[in-house]
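K.L.:
Provided herewith is a single structure, encoded as structure tokens, for subsequent inquiry.
The values are calculated or read from the model by the stated rules, or taken from the named source; none is laboratory data. This one's a predicted model, so the numbers in the text were calculated from it and none came from an experiment. All Cβ positions, even for glycine, are placed from backbone atoms using ideal geometry, and neighbour counts span all protein chains on display. For accessibility, only protein heavy atoms count, side chains too; no ligands or nucleic acids. Shrake-Rupley method; radii C 1.70, N 1.55, O 1.52, S 1.80 Å.
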Amino acid sequence: MGELSDAEGNLYHTVARLGQHSPFVEVLGEAVTGLSIHTNGRTSTFQTPPHVRGAVFRAWTGTGWTEVCISGLDTPSLRYAEGALERVLAHRPPRQPPPGAPSTARIEKSTPTPRPITDMGEEEMLRLAQDAFSWTAGVPDIHETEVQIGWRLDERLYLNSAGARCLQSICRVRAQVAAIAQENGRVSSDRVVHGGVGGRELLNGVTPDKVRKAAETARALLRAKAPPSGRLNVLLSPSMTGYFAHESFGHGAEADQFVRNRSYLQPLLGKLVGPEILTIVDNGSYTGAWSEIYADDEGHPAQRTVLVDRGRFVGALHDRDTAAALGAEPTGNTRRSDVFSRAYVRMTNTYVEPGTSTYDELVKEAGNGVLLESGTGGIEDPQGGQIQIKARMGHLIENGRVTDLVSSMALSGRVLEFLSSIRGVSRKEDFVLDSGSCGKGRTDLLPNSAGGPYLLASAVVGQA
Amino acid sequence: MSQARLGDAAAFRVVDQLVGKEPWEVFGERIRRYEIHLSGGKVEMTRGPIALEGYDIRVFRPNDHGTGVGSYASTDFSPEGVTSTVEVAERSAKYATFPSPRVDLPSGRGATGGIVEVLDRGLWEYPMDSLDVYVASLVQAFEGRKEFALSFGSVRATLVETSICNSAGLRTGYGHTTVDLEVGVKAFGGPEGPAPGEYWVNESDRRLRPAELGIRVPEWCRYAEDVRRGRPPPTGEMPVVLPAPVLAGILPAVFGGKFTGPARIRGMAPRPGATLASELITVLDDGRVPWAPMSSPVDDEGIPQRRRTLLEHGVVSELLYDLLHAGAYDTKPTGNAFRGSASGFRSWYRFLFPPTALPSTLSVASGQGGTDTEIIEAAREGVLIQEIGWASPDPLTGAFGGEIRLGYRIRNGELAEPIRGGTVGGVALAPEGSPSLMTQLVAVGSRVGFSEPVSSPPLLVKSLPVGGEL
């Protein structure tokens, strides 16, 4: 954490000087390094996370927050930010204190890596990628194999005028192999993805067997039937269960939507919303998970927050402002995509806790319906209580048995209706957390993870 | 950006210090960004200046497989910083491969192909004041509307000086502005039930246009009210009308995945002359649409943007190329190299991303289907989709589909009750001989609408699967 440590003195003194013009000032500095490769047999490209160092200063004006961001941690850049912020604050003498209590946490932590990956260079990464590329060899109709391997070390230093200091260094590692089948112009694909916070050991999550199976699935999808449409019994795979958790009680429980009076969930806090078998959690402190953090970008420690406890909606995700407005405590969920983006209440690792059913029991219980697999995305409507999640593929369920492969589908419906239709959640041996990203609106993407086991419910499904 | 201003542009400052082998390219940006965020009609936060200045250096090195391309971006303009950036780029190039025997960098100064309107001068000179005026107008437009409210919003203005230099002698640059507007409009109450409906506005423009809010806000309110009233559609295959706002979420990703050099090199591009769509449709790529966010005098490699025909009466005409992919096929780049764009989304800072070939503004030519009313009459019984939550188009397969955020039943050739919920989807573009949205067109409207990054009249599709209530 050399560069941030080097700049810490300057950042500290800038905050101290700005503190003379505002009752509260904070700064977040960031430095990123890393390396990734993308190869498909025809082209190989490396991407090194750019040498971007920067900081965002936030200050309370007396009526609201104001921010100034700069690229560079050198003295001229910091002077520029300081001057710009002083000019804003000069016109707005403080009238009210800032909302809530500031963090006073002092945290310093780096990803423990028994097998560090930060020493992996281009040559070794290329060799690993070429190995993975070869794993689809021999599977007919595989037109292309895409391999992506990468690591990224994100260092963040948070300081504020109340004395908080959080210095964290998080190493994220991710590998993905996509097999793309093509026949007579028709294209289909499947992939294996594994990622998390850690070191080289995370690359072991993508194996030759898994890649070969994905290639065979991609090939089978060329001839897959179109999915059925309409209201059906739906069995969600772990990744689809994760999207459900993320889009329903993840976005719906971000308390900034409560403050804006635009969450259908707000009046339901404390009430039963689903069956007793349903528990949903957001957990930024989940060791090794893709979206693990040690502190959020307001200096609050990451934590496990139960959102739905055995069917009862019990908790929301808070930053300093929403906690103050709603009489709660910050939950360590204030996150910025980078130092140039504003902070929002954001999820970390959001998942459905395992239940008690077996996969076979859920298939039998479904009777007739569809198994939705390999989630590819979702979107929520916090106001209207609708969600949409999309599956790359699935299987028909007929007479209590999993039968034919079907192509991509979208599931949509009202969350509360979906919750009332949940009939089973499978056991912990099926539990999977993915490694994806999430935006707020159309922007502000950041690492995000969702997951769970299999979940049986009913919903409207259509081709997508 | 004036020539005097070009002198200290980001790329030019780097080139002054660049010591390295040719060929190379430097893409630079000096960015100022200002934002106002609203919560419930009140200012929640102001941001700015967000000052970001950086550059990306690309080097091209011949190797046994063609060319090794290495790039690295940085915000460090010191001599040591530039040297270090070149070193990382060279290291990547050493192990990278691209099947292009050569890269012909463009040369010349300011070869822009003419003026393209991409800079709002008032916003450029007075960014925060302009935003304040716009936000005040936005809030004022809701005053007196008791059944409607702003639930949240943000207006973000980005002011950029883009500069591009290369070892063939290119020295060019231009200034441009972008405004991103995100607003949630809520409609309350009504006999249909208490749940409020919310309509989301997500738009990008080159200009701040507060005067237009007087027209836009009532339209947004009407949509919000219809979201509140809407109910799921029936399930089944039916005629579907798709206007520009919906096509904007589908076509860029699908055409980007098929009609570009990267698609060709993957063996997934159609052959020129192939019939992929109804003869009713002609699709152009136009990088010179005035004020369109994807328009610019030159692309991100310094090649002038042009107007290209992708599909002419359903037949494939040409593909879009950046420098690298053009080199692989011994053809000319088409001015379609863009940084930081994917699936219709574009980052406000581009120097951190390598360029690739993508569509600019996709323009569907107006057809003979008549007015919007006549298109609806032609559908007879079906649905018009006004907004899809997320169409999630798959560039590989051409499939798309998502939740209907707002639409309307079409009954007996007229717009009827609003629909909300359920799904619509299908395959937007399929290989020759396979059915798709594009082959099933039965009418192309005559009135073109713009919804960044697509301009298109409404399209009437003979049949698409709709998932709703039984």
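K.L.:
At 1.4 Å probe size, with every protein chain present, just tell me what the per residue accessible area of chain A comes to in Å².
P.N.:
On the way: 16390 Å² over 464 residues.
Value for chain A: 35 Å² per residue.
K.L.:
If you wrap a convex hull around the Cα atoms of segment A:197-301, how much volume per residue is inside, in Å³?
P.N.:
Details: hull volume 21.0 nm³, N = 105.
With only Cα atoms used, segment A:197-301 gives 200 Å³ per residue.
K.L.:
So for segment B:230-470, averaging the separation of alpha carbon pairs under 8 Å that are six or more residues apart and normalising by length, what relative contact order in percent results?
P.N.:
Values: 684 pairs, mean separation 75.5, N = 241.
Normalised by residue count, the contact order of segment B:230-470 is 31 percent.
K.L.:
How charged is the neighbourhood of B:Val442? Take every other residue with its Cβ under 11 Å from the Cβ of B:Val442, and add Lys/Arg as +1 and Asp/Glu as -1. Walk me through the numbers before you get to the answer.
P.N.:
On the way: positive: B:Arg380, B:Lys462; negative: none.
Neighbourhood net charge equals +2.
K.L.:
Can you list, bin by bin at 10 Å, the percent of alpha carbon pairs in segment B:326-413, starting at 0?
P.N.:
Cα pair-distance distribution for segment B:326-413, in percent: 13, 26, 33, 18, 10, 1.
K.L.:
Could you work out what % of the accessible surface of chain B is carbon and sulfur, using a 1.4 angstrom probe and leaving DNA, RNA and ligands out of the count?
P.N.:
For chain B, the apolar C and S fraction of the accessible surface comes to 51 percent.
K.L.:
I'm checking a number: the convex hull volume of the Cα atoms of segment A:382-446, normalised per residue, in Å³. What is it? It would help to have the intermediate numbers written out before the result.
P.N.:
Values: hull volume 9.8 nm³, N = 65.
Taking the convex hull of the Cα positions in segment A:382-446, it is 151 Å³ per residue.
K.L.:
Can you give me the relative contact order of chain B as a percent, contacts being Cα pairs under 8 Å and 6 or more apart? Each step should come with its number before you reach the end.
P.N.:
Details: 1290 pairs, mean separation 75.2, N = 470.
Normalised by residue count, the contact order of chain B is 16 percent.
K.L.:
Also: Estimate for me the total accessible surface buried between chains A and B (protein heavy atoms, probe 1.4 Å, no ligands or nucleic acids), in Å² to the nearest 100. Write out the running numbers ahead of the final one.
P.N.:
Details: alone 19420 and 19810 Å², together 33120 Å².
What A and B bury together is about 6100 Å².
K.L.:
Still on this structure, please answer the following. Calculate I(q)/I(0) for segment B:202-350 by the Debye formula, one identical point scatterer on each C-alpha and no solvent, and give its log10 at q = 0.10, 0.12, 0.14, 0.22 Å⁻¹ to two decimals.
P.N.:
The calculated log intensity ratios at q = 0.10, 0.12, 0.14, 0.22 Å⁻¹ are -0.48, -0.67, -0.86, -1.49.
K.L.:
Check each of the GluC sites (Glu not before Pro) in segment A:128-232 and keep only those in coil by DSSP with at most 13 other C-beta atoms within 10 angstrom; list them in order.
P.N.:
Details: sites: A:Glu144, A:Glu146, A:Glu155, A:Glu183, A:Glu201, A:Glu216; in loops: none.
Answer by residue number: there is no such site.
K.L.:
Can you tell me the orientation of helix A:75-90 relative to chain A, as the angle in degrees between its alpha-carbon axis and the longest Cα principal axis, to the nearest 10?
P.N.:
Roughly 80 degrees between the two axes.
K.L.:
Tell me the trypsin sites (Lys or Arg not before Pro) within segment B:9-43 that lie in a loop according to DSSP and have at most 16 other beta-carbon atoms within 10 Å.
P.N.:
Numbers: sites: B:Arg13, B:Lys21, B:Arg30, B:Arg32, B:Arg33, B:Lys42; in loops: B:Lys21.
Those that pass, being in a loop and sparsely packed, are B:Lys21.
K.L.:
Translational D (Stokes-Einstein, µm²/s) of segment B:75-144 at 37 °C and 0.692 mPa s when Rh comes from the Kirkwood sum over C-alpha pairs? Can you show the working numbers first?
P.N.:
Details: Rh = 18.1 Å.
Answer, rounded: 181 µm²/s.
K.L.:
In whole Å, what are the Cα extents of segment A:126-274 along the three principal axes, biggest one first?
P.N.:
60, 46, 24
K.L.:
I've got another one for you. Using only Cα atoms, tell me the angle between helix A:122-134 and the longest principal axis of chain A; keep it within 0 to 90° and round to the nearest 10.
P.N.:
Tilt of helix A:122-134: around 20 degrees.
K.L.:
Which angle between 0 and 90 degrees, to the nearest 10, do you get for helix B:127-140 versus the longest principal axis of chain B when only C-alpha atoms count?
P.N.:
0 degrees
K.L.:
Give me the net charge of A:Ala59's neighbourhood, meaning all other residues with Cβ under 9 Å from the Cβ of A:Ala59; Lys, Arg count +1, Asp, Glu -1. Could the numbers behind the result be given before it?
P.N.:
Numbers: positive: A:Arg58; negative: A:Glu26, A:Glu67.
So the surrounding residues net to -1.
K.L.:
Roughly speaking, to the nearest percent, how much of segment A:57-146's 1.4 Å accessible area is carbon and sulfur? Display every interim value, and only then the final one.
P.N.:
Details: 2300 of 4460 Å².
Heavy-atom surface of segment A:57-146 belonging to carbon and sulfur, 1.4 Å probe: 52 percent.
K.L.:
Run through all the Cα pairs of segment B:230-470 and give the fraction in each 5 Å bin from 0, expressed as whole percent.
P.N.:
1, 7, 14, 20, 19, 15, 11, 7, 4, 2, 0
K.L.:
Related question: How about segment B:322-418: which GluC sites (Glu not before Pro) there are in a DSSP loop, with at most 13 other Cβ atoms within 10 Å of their Cβ? Don't jump to the answer; show the numbers that get you there.
P.N.:
Details: sites: B:Glu374, B:Glu377, B:Glu381, B:Glu387, B:Glu403, B:Glu414; in loops: B:Glu381.
In loop regions of segment B:322-418 (DSSP not H, G, I, E or B), the sparsely surrounded GluC sites (Glu not before Pro) are B:Glu381.
K.L.:
Now, a different point. How compact and how long is segment B:1-135, expressed as Rg and Dmax of its alpha-carbon atoms in Å?
P.N.:
According to the Cα coordinates of segment B:1-135, Rg and Dmax are 19.6, 61 Å.
K.L.:
Give me the compactness ratio for segment B:12-87, meaning the Cα radius of gyration over 2.2 N^0.38 Å. Walk me through the numbers on the way to the answer.
P.N.:
Values: Rg = 18.3 Å, N = 76, 2.2 N^0.38 = 11.4 Å.
The value comes to 1.61.
K.L.:
How charged is the neighbourhood of A:Val273? Take every other residue with its Cβ under 13 Å from the Cβ of A:Val273, and add Lys/Arg as +1 and Asp/Glu as -1.
P.N.:
Values: positive: A:Lys271, A:Arg310, A:Arg312, A:Arg414; negative: A:Glu276, A:Asp309, A:Glu417.
The answer is +1.
K.L.:
To continue, here is another question. Hey, could you pull the Cα Rg and Dmax for the protein assembly as shown, both in Å?
P.N.:
26.5, 76
K.L.:
What is the list of residues in segment A:148-185 whose amide nitrogen lies under 17 Å from a point 7 angstrom out from the Cα of A:Ala101, following Cα to Cβ?
P.N.:
Residues passing the 17 Å test: A:160-165.
K.L.:
Using the C-alpha gyration tensor of segment A:1-92, what are the square roots of 5 times its eigenvalues, in whole angstrom, with the largest one first?
P.N.:
35, 14, 10
K.L.:
Here's another thing I want to ask about it. Compute from the Cα atoms of chain A the Rg and the Dmax, the latter being the longest Cα-Cα distance, and quote both in angstrom.
P.N.:
23.6, 72
K.L.:
So, one more: Taking the alpha carbon gyration tensor of chain B, what are the square roots of 5 times its eigenvalues, largest first, to the nearest whole Å?
P.N.:
Values: eigenvalues 324, 173, 59 Å².
Semi-axes from the Cα gyration tensor: 40, 29, 17 Å.
K.L.:
Restricting things to Cα coordinates, could you compute the convex hull volume per residue of segment A:2-221 in Å³?
P.N.:
Details: hull volume 36.8 nm³, N = 220.
Considering the Cα atoms of segment A:2-221, their hull volume per residue is 167 Å³.
K.L.:
Across 5 Å bins from the origin, how do the percents of Cα pairs in segment A:230-463 run, short distances first?
P.N.:
Percent of pairs per bin, in order: 1, 7, 15, 20, 20, 16, 10, 6, 3, 1, 0.
K.L.:
Are there any residues in segment A:57-76 with a reduction of at least 30 Å² in accessible surface when going from the isolated chain to the assembly of protein chains? Probe 1.4 Å, please list them by number.
P.N.:
Buried by the other chains: A:Trp65, A:Glu67, A:Cys69, A:Ser71.
K.L.:
Okay, moving on. Which of the aspartates and glutamates could a cross-linker bridge to B:Lys94, judged by Cα under 12 Å and excluding same-chain residues fewer than eight apart?
P.N.:
Qualifying aspartates and glutamates at Cα under 12 Å: A:Glu122, A:Glu123, B:Asp64.
K.L.:
So, one more: Cross-link partners among lysines for A:Lys428, C-alpha distance below 25 Å, same-chain residues fewer than 8 apart left out?
P.N.:
A:Lys210, A:Lys213, A:Lys364, A:Lys390
K.L.:
Tell me, what is a quarter of the convex hull surface for the C-alpha atoms of segment A:165-243, in nm² with one decimal?
P.N.:
Values: hull surface 35.3 nm².
Projected area, direction-averaged: 8.8 nm².
K.L.:
Take the residue pairs A:Lys440/B:Lys462; B:Lys21/B:Lys332; B:Lys42/B:Lys146 and return only those whose Cα atoms are more than 26 Å apart.
P.N.:
Working: A:Lys440/B:Lys462 35 Å; B:Lys21/B:Lys332 24 Å; B:Lys42/B:Lys146 16 Å.
Pairs exceeding 26 Å: A:Lys440/B:Lys462.
K.L.:
Same structure again: Mean 1/r over all different Cα pairs, inverted: what Kirkwood radius does segment B:3-227 give, in Å?
P.N.:
Values: mean 1/r = 0.0487 Å⁻¹.
Roughly 20.5 Å, rounded to one decimal.
K.L.:
Ok, one more. Below 8 Å between Cα atoms, with a sequence gap of 6+, how large is the relative contact order for chain A in percent? Could the numbers behind the result be given before it?
P.N.:
Working: 1260 pairs, mean separation 70.9, N = 464.
Value for chain A: 15 percent.
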